[in-house]
Amino acid sequence: MSILEVKNITKEYPSFKLDDVSFDIEEGSICGFIGRNGAGKTTTLKGIMGLIHLNKGEIKVFGRDIYEHETENRQEMGFTLAETMFYPDAKIGNLTKVTSKFYPNWNQDTYEKLCKRFSLDQNKKIKELSSGMKVKYNLAVALSHGAKLLILDEPTSGIDPVSRDEILDIFKMIVKDGKRSILFSTHITSDLDKCADHIVYIKKGKIISSKTKEEFINDYKYITGPMPEFDSVKEFIVSHKEDGKEFTALIPSEKSKGISAKIKQSKPDLDTIMVYEERKDDLEDETFAL
């Protein structure tokens, strides 16, 4: 069952266009929303939350239209933006007292248990929290008002590897019951290798792919070979790198059959796929000579 349905949403700015974006998120899943900075991730998330006016498109959460059932939907959603600012001198406990009044389903017992689990000190001021602790606080608040869909913009950006790993474990814990889902944007694709079920890839405002992580990775092969073999594969590579003696490249899996045995093939990770996909456009846009 789809917990979130995004259909053909478009948003036009003078220098950028979110172009006919569509994807679904299933119940009990973790979806990684990937793309370069400026690709349209945050604009899409703002559109889903109704924070910007879309030129066209339809968004449903729990089968309900996001605009027609805005109040009801917001009770069951948790949302944080990368640039979200808190009152820096506010204590966690005081901020929570104010926040909790907006949610009829607020469960103080759940909140206190989560704060204990996440080691959140209610007397700490927001400005005293690390980036990782701010993420944990946001999660504690969202889960305490019964959010079933968490939409997070770059939640692991700027966080040290140990804290990132802990937060990813928390993500997996959250969706374990199969009733809650997480959509989070990131450019740290190694995080998604650890926890994501689904990948949505956006490039220049358009969705390039929306598939399970396994299907997304299996669409590609990473190849390495001597330069004399390059001509045999160059017509269908996504992009490549070379050092004069050898080349590396990303190719569609469907093109990998029958290529020379001198060319080694392997399964790429998400980072490799994104690097070579984006490199393709960088090379096409290049206007200078080395």
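Before moving on, here are some points about what is shown:
- Restricting region 63-91 to residues that are modelled with pLDDT under 90 and in contact with a Ser or Thr (Cβ under 9 Å, 6 or more places away or on another chain), the residue that is nearest to SER181 (Cα to Cα): LEU81
- When region 34-83 is filtered for residues that are in a loop (DSSP other than H, G, I, E, B), more than 21 Å from VAL200 (Cα to Cα) and over 20 Å from the mean Cα position of the chain (by Cα), the ones remaining, listed by number, are HIS53, ASN55, TYR67, GLU68, HIS69.
- Within region 119-140, not a single residue is outside any helix (DSSP H, G or I), under 23 Å from GLY38 (Cα atoms) and of a type outside the set (Gly, Ala, Ser).
- Here TRP106 meets each of (1) outside any loop (DSSP other than H, G, I, E, B); (2) surrounded by 13 or more Cβ atoms within 10 Å (Cβ to Cβ) with one exception, condition (1).
- Single condition LYS97 does not satisfy, out of (1) modelled with pLDDT of 90 or more; (2) assigned to a loop (DSSP other than H, G, I, E, B): (2)
- Residue pairs meeting the criteria (Cβ under 7 Å; at least 6 apart or on separate chains; first under 17 Å from SER260 (Cα atoms), in region 211-237; second of a type in the set (Asp, Glu) and in a strand (DSSP E or B)): THR224/GLU246; GLY225/GLU246; PRO226/GLU246; MET227/GLU242; MET227/GLU246
- Considering only residues in region 175-214 that are part of a helix (DSSP H, G or I) and surrounded by fewer than 18 Cβ atoms within 10 Å (Cβ to Cβ), the one that is farthest from the chain's Cα centre (by Cα) turns out to be GLU214.
- Residue in region 136-144 that is under 19 Å from TRP106 (Cα atoms), surrounded by fewer than 17 Cβ atoms within 10 Å (Cβ to Cβ), touching a residue at least 40 places away in the same chain (Cβ under 8 Å) and more than 17 Å from the chain's Cα centre (by Cα) present: no
- Only residues that are under 20 Å from ILE208 (Cβ atoms), among the aliphatic types (A, V, I, L, M) and either surrounded by fewer than 20 Cβ atoms within 10 Å (Cβ to Cβ) or touching a Phe, Trp or Tyr at 6+ places or on another chain (Cβ under 6 Å) (or both) were counted across region 25-58, and they come to 2.
- With respect to being in contact (Cβ under 8 Å) with a residue 12 or more places away in the chain, exposed (fewer than 12 other Cβ atoms within 10 Å of the Cβ) and over 13 Å from ILE273 (Cβ atoms), LYS245 fits the description.
- Verdict on LEU45 being farther than 24 Å from GLU278 by Cβ and not hydroxyl-bearing (Ser, Thr, Tyr): no
- Subset of region 141-174 (residues that are of a type in the set (Val, Ile, Thr) and either touching a Pro at 6+ places or on another chain (Cβ under 9 Å) or assigned to a helix (DSSP H, G or I) (or both)): VAL141, VAL162, ILE167, ILE170, ILE174
- Which listed residue, of GLU166, GLU128, is surrounded by fewer than 17 Cβ atoms within 10 Å (Cβ to Cβ), under 25 Å from GLU26 (Cα atoms) and not small (Gly, Ala, Ser): GLU166
The values are calculated or read from the model by the stated rules, or taken from the named source; none is laboratory data. What you are looking at is a predicted structure, and each value in this text was computed from that prediction instead of being measured. A quick note on method: Cβ atoms are made from the backbone with ideal geometry, for glycine too, and the neighbour counts reach across all protein chains shown.
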